[in-house]
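Asker: Following this message is one structure expressed as structure tokens.
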Amino acid sequence: MTISPPIEKAINDRLATGLYSSPEEVLESAFAVLAAAEKEALNRIREKNLRAIQQYERGEAIPVEDFMEELRALETGESGAAA
């Protein structure tokens, strides 16, 4: 496995702090933080999906055509999309 110079420097910088005793420990810590961030992001997506389903079940959904029109308006910078 080859590690790019910027990654190698980042690992060595962490080792120089004395908080880590090996490159493996630095990488294990980094991957633990990454896994936690990914889990948090997935939980946020699940919460948003649940809210969307609940809104749909309460009849708060809008027709997909209206939604797409609003998206197109946002992309082009128009205001006053479908009301």
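The values are calculated or read from the model by the stated rules, or taken from the named source; none is laboratory data. The structure displayed is predicted, hence computed values, not measured ones. FYI the Cβ positions are ideal-geometry reconstructions off the backbone, even for glycines, and counts take in every protein chain you see.
Asker: Contact list please: Cβ distance under 8 Å, first residue in the range 59-78 and surrounded by 10 or more Cβ atoms within 10 Å (Cβ to Cβ), second residue of a type in the set (Ser, Thr, Tyr), pairs at least six apart or on different chains.
Answerer: Note: pairs meeting the criteria are Ala73/Ser79.
Asker: Identify all residues within the range 1-52 that are closer than 24 Å to Phe67 by Cα, loosely packed, with under 12 Cβ neighbours inside 10 Å and either modelled with pLDDT under 95 or among the charged types (D, E, K, R) (or both); write none if there are none.
Answerer: Residues satisfying the conditions are Arg44, Arg46, Glu47, Lys48, Arg51.
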